[in-house]
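The values are calculated or read from the model by the stated rules, or taken from the named source; none is laboratory data. Everything numeric in this text was worked out from a predicted model, so none of it was measured. Here Cβ is always computed from backbone atoms with ideal geometry, including for glycine, and neighbour counts include all displayed protein chains. What goes into the accessible areas is simple: the full protein's heavy atoms, side chains included, and nothing from ligands, DNA or RNA. Shrake-Rupley method; radii C 1.70, N 1.55, O 1.52, S 1.80 Å.
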Amino acid sequence: MYGATLYYITKSLSELPGILLAPLVLSLIVYWVVGLNNQADKFFIFCKNYLDLALALMQFAGSGYGYLAGALVNTTQAAITISPLLLTPFLMFAGFFSNKDSIPDAFGWIKFASVSVIQPFYYGFRILAINEFTDRQLDCEICRRGVCAECDPLAQLSIDSTVWENAVYLVLLSLAIRALALGFLYISVKRFNG
């Protein structure tokens, strides 16, 4: 009837309205509830640019990983089983719980695999952190061994890039994961049709 490529592209395009609308609804609720920077311009930047951009791209890449998991195995149950194996290291090392400089050298292979070009949450987290902490004055000092300094969350998180650099990486990652999933789906269809 129709090929895997047409099916995959149509399915991806049919998801776009939900991928774009869900972050907007989320931002209207979450931004004020969690007490982020309560300046109106930051909120609109957050909604219009960064949150929609970051969350939509993370959602697009994440669903691409789901498609990849589904294309790698033959059953839905197997895809559901391997999906956490793909995504859990990303969550652990994306910057939510620890930054890339605080990961011990013994876990260098995880650090490379999780904080590298295959990490959608890493880039999305950086976009949101840059929006939140750029030009924000915080009332805190960090004192270590008698030396005090102003706190700089972006430096503590080892974030030295721009929003747009991270967005470009996230777009390229999303497209690459989707293309890889399409490739595996095409191979699976060929194998199934025999």
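Some values worked out for this structure:
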{"item": "Efficiency of FRET from Cβ geometry, I82 and L6, R₀ 41 Å, rounded to 0.05", "result": "0.95"}
{"item": "Solvent-accessible surface ranking, highest first, for E132, E15 at 1.4 angstrom", "result": "E15, E132"}
{"item": "Solvent-accessible surface (1.4 angstrom probe) belonging to V34, in square angstrom, nearest 10", "result": "90"}
{"item": "Förster-model FRET efficiency, 25 Å R0, A22 and A176, C-beta, rounded to 0.05", "result": "0.65"}
{"item": "Accessible-area order (highest first, 1.4 angstrom probe) of the listed residues K190, K11", "result": "K190, K11"}
{"item": "T162 paired with I187, simple spin-label distance in nm, labels 7 Å along Cα-to-beta-carbon", "result": "3.8"}
{"item": "Region 51-92-region 161-194 distance, computed between alpha-carbon centres (Å)", "result": "11"}
{"item": "Nitroxide proxy distance, nm - points 7 Å out along Cα→Cβ at C151 and L138", "result": "0.5"}
